[in-house]
Structure formats: C-alpha cells, structure tokens
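Have a look at the structure below before the remarks.
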Amino acid sequence: MATRIEKLNRLRIATPCTESWDGMVGGAERRHCAKCAREVLDFARMTPREIEVRIAASGGRLCARITRRADGLVTLPPQEPPPFWIERRASSVASALVTALLGLGGAATGAALETSPSVALPTGPSGPLEDAGTSPDAQGAAVSKVSRIDGVVTDQEGHFLPGATVTIQEPNGGRKFVRLTHGDGRFAFENVAPGRVLITLELEGFSSITFPGIGVSAGRATRLDVQMEPQITESVTVGGIGVPSLREVVGESELVVVGIVGATLPKDPKDPAREETELRVTSVLKGRYSGRTLRVAVDRGEEEKPLAPGARVLAFLDPAEARTGGKVTYVPANGQRGPQALSDAELTVYAERIDALERISRRGGTDPEELAAWLVATIEQPYTREEETGDLSMALSSLAEIAKELGLPIEHARADLVAEAAARKADGKSFSDDEALRRAGAFITDAQKDRLVRALLATESLAQGDLDLFDVVRPWADDKAVDWLTNRFREVEPTDDGVNREVMGRLAEALASDSLKALLKESDDDLESYFASLPEGSWDHLDRVQAEMAARWKELRKRFLRML
C-alpha cells in the first residue's frame with residue numbers, strides 16, 4: 001500500500017479549472033469559487049491526513065488548489081525543522097545544520113556538514129575522481145594531503161534526488177570535478193585538495209545551490225547533506241481525483257518483479273521507518289535481473305506495518321546504489337509505490353496484464369489498436385480495473401475532441417484515424433505512448449463495448465473501479481448501467497464512504513430525481529458546516545472526526561435508500 005504522501009503525489013485531476021485562486025473570495029485555507037458555487041481547499045495548507053479525510057468526505061467531488069513542484073510532487077505544509085545540532089553515530093563529533101541564502105545565484109535550502117578523521121575511508125560509490133577542467137597552475141601543483149567529500153541530496157520532504165549535478169572547484173582556481181547523484185541521492189569525491197572549496201548543485205526543476213567556501217581539511221572527510229528547494233508551479237484544479245494508470249507506472253519502472261518478502265532491517269538506526277527489505281525474486285515482468293534476491297529501500301509511512309516475511313509482492317523498481325561486490329539496492333520507481341502484498345489471484349492477473357503490455361512495447365512504439373485491446377482486457381479484470389478506466393475514458397474523450405477539431409462526425413474522424421494508423425504502420429513509423437492513447441478510442445469496437453457492458457453486469461462488488469466502469473459504458477448502455485448501479489447500491493454497501501457518496505450522486509443524476517438531489521445538497525451543506533465548526537486542534541484527533549463522518553454517511557445511506 002502506498003503511503004499517504006505517495007497517494008497525494010499520484011493524484012490525477014480530471015478537469016482543470018481556469019478560475020484564478022486570487023480572484024476567489026475567502027481565507028488562506030479555503031475560498032469560494034463564484035463560477036461553480038463551490039468551496040475550494042488549498043492542499044498546501046493541509047496535512048496528508050486532513051486531505052485524505054476531505055477527499056473521502058467529498059466522494060471525489062472535491063475542488064482543490066494543488067501546489068505542485070516542478071518535479072510533479074505535491075507541496076505540503078513544512079515539517080518541523082531538525083535541531084541545529086545533530087549527533088551522528090556514537091562519537092564526540094557533531095554536525096551543524098547549515099542554512100545559507102546566497103542571493104540570486106542560488107540558495108542552500110538546508111545542508112548538514114560534518115568532518116571526521118580520515119581513517120581507512122572506503123571508496124565512495126562515485127569511484128575515482130574525474131577532472132572536468134583544470135587551470136595550468138593547478139595541474140602542476142602537487143597535492144600532499146588529500147581529503148574526501150560526500151553526502152546525500154534530498155528534497156524538502158526527504159525524498160532522494162537522483163541525477164543532481166554536483167560540481168566542486170578546488171581552492172585558488174584549482175581542479176574542477178563533476179558528479180551525478182545516485183538513485184539514493186548519494187555523491188562522493190575522493191582526493192580533494194584541502195582548503196576552501198566551491199560546491200554547486202543543480203537539478204532540473206529545483207533551484208541551484210552554491211556553497212562558496214566549504215572548508216576541507218587535509219586527511220579528513222567532509223560530509224555535506226543537502227536539501228534542494230523546488231521551483232514551484234501552481235494550479236487550481238477541479239474534478240475527480242485518481243492515481244497514475246498501470247500503464248504509466250510500468251513505463252516509469254526500470255524493473256518490475258514478483259517476489260517473496262524476506263528480512264526487513266532498518267536502513268538508518270535513527271529513523272526506523274527507513275528500511276531495506278530483501279525480496280526473493282520469483283519472476284521478472286519487466287527489465288533484466290539474473291540474481292535470486294534483491295534489496296529494496298523504502299520509507300515506510302507513519303502508520304504502515306512492515307511487509308510480513310513470506311508475503312508475495314509486486315514491486316515496481318529503479319536501481320539506487322551499487323554495493324560492494326556489484327550488488328544493487330533498488331528503490332520504488334519514481335517514488336510512487338513500494339512493494340505491494342497481493343493475493344495469488346491478484347498477482348496472476350497483474351503478471352498477465354504487465355506481460356501483455358510489455359509485448360506491445362517490445363514491438364517498437366505503441367500501436368493504438370493493440371493499446372485499445374489491452375485497455376479493454378485490463379478493465380474487464382476487477383483487480384486491475386480501477387487503474388485503467390481513466391486511460392480508456394481519456395481515449396474515448398480524445399476521439400470526440402479530435403472529431404470536433406476536424407469539424408467531422410465522430411465516425412468520419414474514427415475512419416480518418418484508422419487510415420492514418422495504417423499508413424504509418426506501412427511506412428514503418430510508430431506512435432509514442434501518448435499519441436497511441438489519444439488515438440486508441442478510434443479502435444474500440446462494438447464487440448469490445450459489449451464485453452465491457454457484460455463485465456459491468458457480472459460485477460458483484462461496488463468499488464471505485466466498478467463505478468468508473470459504470471461511467472465508461474453509460475454512453476452506449478445507459479439503461480443497463482443505471483439498473484445495475486441501482487441494484488448494486490441496494491444490495492451491497494460500497495467499499496468506502498467516498499464511493500458511497502459518488503454512487504448516490506450518480507443515481508440522483510441518472511434518475512433525474514429532484515428529491516434525491518435535494519437530500520444530497522442538504523447533506524453536503526451540513527458536512528461543510530461541520531468541518532467549518534471544528535475547533536483548532538481537531539485534526540490532531542482524526543479518529544473522532546472519521547467516526548463522526550462514518551455515522552453521517554450511514555444515516556445518509558439509510559435516507560437515500562428509503563427515497564430510492
């Protein structure tokens with residue numbers, strides 16, 4: 001299961017809003033949008049737990065201002081800063097937290113600096129130092145005593161930042177060296193001349209950092225842990241909230257494996273939530289891996305339990321750091337998901353769908369017709385349904401958008417797209433993933449639509465993916481879909497309160513019932529009043545808030561069923 005922060009980073013907004021936050025009336029945390037007559041919350045001022053509760057309460061009908069960093073992660077309220085003095089290991093040496101604001105040339109958001117005697121220092125992961133340009137005078141100078149600089153680069157939430165460019169310039173215009181940080185954010189420089197060293201850090205999407213004079217002593221190691229500040233992009237977004245599709249997650253992963261959990265050990269004794277879990281690999285679904293076991297470094301959420309030894313898991317991974325002997329530690333791909341414990345039935349379905357997706361990719365490019373068939377087959381499976389209904393909806397809506405852009409009826413636009421795909425295939429040209437998805441709607445056949453309807457009617461659960469499939473099939477099977485949803489809601493309580501509210505909203509709209517719509521509006525207004533009346537500090541006792549909400553949803557469901 002993903003942590004709360006991982007889930008927030010994976011939010012996908014279906015309908016962006018063009019209204020300006022500054023033009024809305026209200027305070028810092030919430031404002032009123034006159035265009036849609038709804039409240040808009042500012043997620044940047046809410047904790048992950050508060051956001052989770054509000055999303056559940058809204059039933060996916062939440063309007064929010066989401067502040068995203070340039071790297072796509074959601075900005076949340078700043079955490080409590082660490083103490084200025086930090087004790088590292090069992091030693092008398094302490095490290096100071098260094099914060100430098102260095103003008104327009106770049107700012108250091110935060111750095112922990114430590115020096116220690118150079119006693120049998122191990123070779124760093126970056127290997128021998130490479131010269132990136134040396135002045136003639138420095139080239140001729142002999143370095144009598146050498147030193148080492150290493151550290152870890154993270155963002156403000158503590159996520160590792162791979163691929164950051166770290167450059168050091170030795171004293172007096174001496175040698176210049178460049179490193180890229182590893183998957184776990186680490187960098188290391190060996191054989192650095194002592195003195196005041198210039199260090200810069202750069203990474204796309206983050207503000208550059210310059211340390212104009214880090215002191216390096218002869219024969220000693222200097223530790224420099226740095227937090228980089230993101231360049232912020234802001235947007236006000238409205239609509240249903242989802243997560244990246246299975247297709248996207250597989251595409252972002254270098255290695256996808258099924259494995260059995262072994263031992264889990266703390267990666268950092270001072271932070272038990274940072275762990276390394278051993279996996280015995282039973283199958284490789286994407287990428288290459290010849291070993292029998294691998295290690296995955298994860299940051300476990302505050303309320304998450306470690307994976308149970310012996311559990312079978314699906315893991316989407318990227319390589320992090322090389323260890324002694326050539327072994328590599330892996331991290332969750334793109335910071336999105338840690339290993340997920342799944343049942344044998346779930347693993348079988350995921351393995352089959354990922355393998356089918358990889359077969360499409362291995363043929364070079366992505367074929368829209370093959371992608372359409374893959375989407376339909378993936379949505380037919382209840383286990384993978386929720387992760388792909390968004391892609392199918394996007395493909396179908398893209399067909400309508402293309403028809404509108406071309407000024408053609410949908411069937412004529414469909415025929416043009418099919419002909420275009422055939423021509424490109426004949427010429428040996430391929431589509432990118434995004435291009436293929438935009439065209440995939442043109443290849444959804446009537447037979448495939450019938451399969452999706454049958455899949456919906458055979459569904460006995462009422463989870464988010466099932467409700468998403470209901471939305472997909474309504475345009476061509478409205479009566480059957482509405483009858484299914486009505487019967488399911490009467491017989492089965494939805495899997496969570498958010499889905500419960502969404503189902504009631506869909507039924508009130510589909511049945512065109514003014515009385516049901518009035519009931520839901522009354523409930524929504526009452527819930528907003530409840531949230532607004534909560535005294536300061538109530539969010540520190542979310543169990544009480546959630547219990548109150550559960551009671552309200554239960555009562556609303558009873559009233560709705562009586563009127564249905």
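The values are calculated or read from the model by the stated rules, or taken from the named source; none is laboratory data. Because the structure is a prediction, the values reported are computed rather than measured. Don't worry about glycine lacking a Cβ; one is built from the backbone with ideal geometry, like all the others, and counts go over all protein chains shown.
Among residues belonging to segment 495-532 that are among the small types (Gly, Ala, Ser) and within 19 Å of residue 50 (Cβ to Cβ), point out the one that is nearest to the chain's Cα centre (by Cα).
Per the criteria, the residue is 498.
For segment 485-564, please list each of the helices (runs of 4 or more DSSP H) lying entirely inside it that holds at least 2 residues being loosely packed, with under 14 Cβ neighbours inside 10 Å.
514-533, 542-563
For segment 424-470, name all the residues that are in a helix (DSSP H, G or I), surrounded by fewer than 18 Cβ atoms within 10 Å (Cβ to Cβ) and at pLDDT below 95.
Within segment 424-470, 424, 425, 426, 433, 434, 435 meet the criteria.
Across segment 225-247, which residue is farthest from residue 206 (Cα to Cα) among those that are modelled with pLDDT of 90 or more and assigned to a strand (DSSP E or B)?
225
Yes/no matrix, rows are residues, columns are (1) buried (at least 20 other Cβ atoms within 10 Å of the Cβ); (2) within 25 Å of residue 319 (Cα to Cα); (3) touching a strand residue (DSSP E or B) at 6+ places or on another chain (Cβ under 7 Å):
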residue	(1), (2), (3)
166	yes, yes, yes
175	yes, no, yes
182	yes, yes, yes
185	yes, yes, yes
192	yes, no, yes
196	no, no, yes
204	no, yes, no
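Here is a check on your reading of the model: is residue 396 aliphatic (A, V, I, L, M), surrounded by 15 or more Cβ atoms within 10 Å (Cβ to Cβ) and farther than 30 Å from residue 562 by Cβ?
Considered against the rule, which asks whether it is aliphatic (A, V, I, L, M), surrounded by 15 or more Cβ atoms within 10 Å (Cβ to Cβ) and farther than 30 Å from residue 562 by Cβ, residue 396 comes out as yes.
Any residue at all in segment 371-380 that is modelled with pLDDT of 95 or more and either of a type in the set (Ser, Thr, Tyr) or under 16 Å from residue 286 (Cα atoms) (or both)?
Yes: one or more hits.
Scan segment 150-176 for residues that are under 27 Å from residue 330 (Cα atoms) and assigned to a strand (DSSP E or B) and jot them down.
Hits for segment 150-176 are 150, 151, 152, 153, 154, 160, 165, 166, 167.
Of everything in segment 356-384 that's in contact with an Asp or Glu (Cβ under 7 Å, 6 or more places away or on another chain) and in a helix (DSSP H, G or I), which residue is nearest to residue 440 (Cα to Cα)?
Only one residue fits best here, namely 375.
What are the pairs with Cβ atoms under 6 angstrom where one residue, in segment 244-256, is at negative phi and among the small types (Gly, Ala, Ser) and the other, located anywhere, is surrounded by 20 or more Cβ atoms within 10 Å (Cβ to Cβ) and not in a helix (DSSP H, G or I)? Sequence gap at least six, or different chains.
Close Cβ pairs satisfying both conditions: 253/316.
I need the full set of residues from segment 360-376 which are closer than 24 Å to residue 449 by Cβ and free of Cβ contacts under 8 Å to residues at least 12 places away in the same chain, in order please.
370
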